[in-house]
1. Among the residues of the stretch 275-288, how many are surrounded by fewer than 19 Cβ atoms within 10 Å (Cβ to Cβ) and touching a Phe, Trp or Tyr at 6+ places or on another chain (Cβ under 8 Å)?
2. Collect the residues in the stretch 115-133 that are at pLDDT 85 or above, of a type outside the set (A, V, I, L, M, F, W, C) and open to solvent by less than 20 Å² (accessible area, probe 1.4 Å), keeping them in residue-number order.
3. Kindly list the number of the only condition in (1) part of a loop (DSSP other than H, G, I, E, B); (2) among the polar types (S, T, N, Q); (3) closer than 25 Å to residue 183 by Cα that fails for residue 257.
4. Going through the stretch 258-299 one residue at a time, which ones are under 20 Å from the mean Cα position of the chain (by Cα) and of a type in the set (Lys, Arg)?
5. Any idea which of 198, 187 is at pLDDT 85 or above, β-branched (Val, Ile, Thr) and closer than 26 Å to residue 269 by Cα?
6. Could you tell me whether the stretch 223-240 includes any residue that is part of a loop (DSSP other than H, G, I, E, B), closer than 21 Å to residue 325 by Cα and among the basic types (Lys, Arg)?
7. Looking at this structure, is residue 257 more than 14 Å from residue 232 (Cβ to Cβ) and surrounded by 13 or more Cβ atoms within 10 Å (Cβ to Cβ)?
8. Do we have any residue at all in the stretch 5-12 that's aliphatic (A, V, I, L, M) and either open to solvent by 30 Å² or more (accessible area, probe 1.4 Å) or over 17 Å from residue 420 (Cβ atoms) (or both)?
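The values are calculated or read from the model by the stated rules, or taken from the named source; none is laboratory data. These numbers were taken from a predicted model, which means no experiment stands behind them. Backbone-built Cβ (ideal geometry, glycine too); neighbour counts: all protein chains shown. SASA here: full protein model, heavy atoms, side chains in, ligands and nucleic acids out. Shrake-Rupley method; radii C 1.70, N 1.55, O 1.52, S 1.80 Å.
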Amino acid sequence: QIQLAATVSVVFAPRSVPADLPRRLPFRDVREERVPVSSRPDVASRYETIYRGTTAQEEAALGAATAREADAALHALQDASPGSLTVYVVPEASSLLPQGVNVYVGKHRSALVRAGQGLAALHARLQQLTQVMSFTASSIAAALSDRVPDGQLGPDARRHLKSSLGYEITFSLLNPDPKSHDVDWDIEGAVNRYVRPIVDKLSLVANFSVDSQILYYAVLGVTPRFDKESSSFILSAHSLPHVINPVEARLGSSAASLYPVLNFLLYVPERSHSPLYIQDKDGAPVATNAFHSPRWGGIMIYNLEAPASPQASFPLHVDVDMVRVMEVFLAQLRLLFGISREELPPEFLVERPGNEGLADWELDRLLWAHTMENVATVSTTLTSLAQLLDQISNIVIKDDIASEVYRAVASVQNAVAELAEGRLHSAFQASKEAVTCSERAFFDPSLLHLLYFPDDQKFAIYIPLFLPMAVPILLSLVKIFREARQSKKEPTKMD
């Protein structure tokens, strides 16, 4: 059984301690329960809650004018490790939280909660908060999607990218009509300003490479429908899946890549199909005029304004509004990594992550999921390797392969032990090491040629070679045997 442990510090501001608190501050409370995911391995959760009062510095920070300022001041005082949470309980009448907001989730690993009427109300809000900022049954089920029945998975469980040691992000500008449109996009500046901060933060999870390209005369491969009422062209929802394959054939980025490739395409419609809009299943226009494909990437259609005068010279020079484009692509990137915001209660207020594009607690949720997925991947890989070695009796295992298997087993055991202790960062690093060692052992070149050359193929190859030589030898042996029998039957001549 795998146990996920997290530490939650509940810090009471003055005049916020519930009257029905069972013990005097400070004290600890441990809550253990099984995560309802019917898979192997079994998963259990362990929350260690530490109740204490504020320090003088924390009390001064809580005196800020807004919750955002308080969150920034409290972050400077904290030394929170990945996976841990700090919840500051403020009085019910506090003006720090806006009217109607009972829970404020910051950009880091802390939150502000109104005290509520009694301990039961506080516990209910704390449980809601841990479901938002920490691991949940749905996130663990999505990480173990290959081992969980489809009935237990949510609609977006298989949308997320599988855990990998690296990812490649490719931004492509598709200009199918360069005679009419001279499109210019500042992709380098947009990547440095919007993509680089979130990639730097995700570098703890995997290695990233970012590149871009411009493809001319690249069409979607689907003919849009003309709508007379709006005098525009329409792409319906059922035709969107047919857009991916023709476009992907032109990209060529995934052919030479060792890692999963995330494709983000900006498509400028040709003049004959402009303007072009996407409709959802209900026939309503999509506000972003974009769509995404699970585990592949996203496509955004960028319509250009018609020239003011019919005598305008072509090609028209157009500068792409990269702010609008990158807002869509970054939202799709968050969806692909499974860090999209879930439906929250109305009394919750979640701070936007800002330029980093990713809050600290969202990164922790990603680490929980990828660590669990890595542990399951190592288990599957080593089991498959063991079954392979059992099936091929004459296989030779080199010492370096054996050492990789031993390292993989030791690393995955270390990852499980670190998870049980609540050390999320070291558990994730150990799980990455386990994946690397297990994959290196499974795909060792010395095993591959035996995998594709079993005993039955040996007979099929060597029998045509040795059979012509074996026939005269067998005939000679039969002749010798007959002559020996003949000599035994003849009487011995006596002089």
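1. 4
2. 130
3. Result: residue 257 passes all but (3).
4. Matches in the stretch 258-299: 295 only.
5. Among 198, 187, only 187 is at pLDDT 85 or above, β-branched (Val, Ile, Thr) and closer than 26 Å to residue 269 by Cα.
6. Looking through the stretch 223-240, none of the residues is part of a loop (DSSP other than H, G, I, E, B), closer than 21 Å to residue 325 by Cα and among the basic types (Lys, Arg).
7. So residue 257 passes the test.
8. Scanning the stretch 5-12 turns up at least one residue that is aliphatic (A, V, I, L, M) and either open to solvent by 30 Å² or more (accessible area, probe 1.4 Å) or over 17 Å from residue 420 (Cβ atoms) (or both).
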